[in-house]
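Okay, so here's the structure we're looking at.
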Amino acid sequence: MTAVKKLARPEAYLETGSVERVGATLLVRLASSSCEARRAKSCLVAPEAGDKVLCAIEPEGVYVLAVLDGRDGAPTKLATDGDLEVQARGGRIAVCASERVDIVGAREVAITGAEVHVRAKKGAIAIDELGFFGRLVQAEVTKIALVAQEADTILTRLTHRAKRVFRFVEEIDQTRAGTVDLRAQDLIGIRGENAIISARVLAKVDGEQIHLG
């Protein structure tokens, strides 16, 4: 392999070559020899073996400036050593794909904005642990189906408004409250194999007609 300092021209010039090996450095086959090369900072596309590249040859070294052509069907990968920041001052950034967009972070993925909008026909979220902190939640849905082993809710106030409510409890349904007030416009029915009504001070039954037995 010919070293860079042995190249014929002492001044800097451009030349196309072919990538023979990818590693910490790139092995690029030029017209006269193969030499070690580094990817220029402006070359965001990661070269692969067999790619045709444009190189800047200098006495100090060889830099791959751009990937000109690659294998048919091979994905184009943008890669940097270190952090990568994409910024649009005074404009917008759009990431579009005809099939799928994946955002993957080995440790964390953070989204920050004054407003966040997500629109899709279908959605699925799989999270082992979820923490939500907010001031207001408003939801309008046609149907909700929830399956859980346990549900604990701590509220200062809870108001339900519904046309019909059905509750099915297989084992225990227990209510503990300072005051319980049950009111019905037409009928309240309490049925059970056994019924116990107990009061420590006063038990009162009031009505125009009272039937016992």
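Observations
- With the simple model of a label 7 Å out from the Cα in the direction of the Cβ, Val180 to Leu146 spans 2.2 nm.
- Karplus 3J(HN,Hα) series, Hz, for segment 143-150 with 6.51 cos²θ - 1.76 cosθ + 1.60 (x for Gly, Pro): 8, 10, 10, 10, 10, 8, 6, 9
- 5 angstrom amide H check on Glu48, placed H, neighbours 5+ away: none
- Couplings 3J(HN,Hα) of segment 188-195, computed from phi: 10, x, 10, 10, x, 4, 9, 9 Hz, in residue order, whole Hz [Karplus 6.51 cos²θ - 1.76 cosθ + 1.60, θ = phi - 60°; x for Gly and Pro].
- Between amide H atoms placed 1.01 Å from N, distances below 5 Å from Thr16 occur with Cys55, all of them 5 or more places distant or on a separate chain.
- Farthest towards the positive end of the charge dipole of the chain, among the residues Ile103, Val19, Thr179, is the Cα of Thr179, using unit charges on the Cβ of Lys, Arg, Asp and Glu.
- Segment 143-164 versus segment 53-73: alpha-carbon centroid distance in Å: 61 Å
- Close amide-amide hydrogen proximity is noted between Ala66 and Leu54, each under 5 Å apart and 5 or more residues distant or on a separate chain (H modeled in the peptide plane; Pro and chain starts excluded).
- Theoretical gain in end-to-end length, Ile188 to Ala88 [0.36 nm per residue, Cα-Cα removed]: 29.5 nm
- Full extension of the chain between Lys204 and Asp69 yields a length gain of 39.5 nm, computed as 0.36 nm times the residue separation minus the alpha carbon distance.
- Among the GluC sites (Glu not before Pro) in segment 14-91, those located in a DSSP loop and surrounded by at most 12 other Cβ atoms within 10 Å of their own Cβ are Glu60, Glu85.
- Pairs of Lys residues in the chain that lie 8 or more places apart, or on two chains, and have C-alpha atoms under 16 angstrom apart add up to 5.
- If the segment from Val95 to Arg38 were pulled out straight at 0.36 nm per residue, it would be longer than the present Cα-Cα gap by 17.6 nm.
- Accessible area (Å², per residue) of segment 11-133, counting only protein heavy atoms and a probe of 1.4 Å: 86 Å²
- For the set Cys96, Cys55, the ranking by accessible area, highest first and with no ligand, DNA or RNA atoms included, is Cys96, Cys55 under a 1.4 Å probe.
- Mean-square fluctuations from a GNM of the chain, with a 10 angstrom spring cutoff on Cα atoms, peak among Ile190, Ile144, Ile93 at Ile190.
- Counting only protein heavy atoms and a probe of 1.4 Å, the accessible surface of segment 10-147 is 51% carbon and sulfur.
- Förster-model FRET efficiency, 41 Å R0, Val137 and Ala49, C-beta, rounded to 0.05: 0.20
The values are calculated or read from the model by the stated rules, or taken from the named source; none is laboratory data. Note that the structure is predicted; figures quoted are calculated from it, not measured. FYI the Cβ positions are ideal-geometry reconstructions off the backbone, even for glycines, and counts take in every protein chain you see. All accessible areas refer to the heavy atoms of the entire protein, side chains included, with ligands and DNA or RNA removed. Shrake-Rupley method; radii C 1.70, N 1.55, O 1.52, S 1.80 Å.
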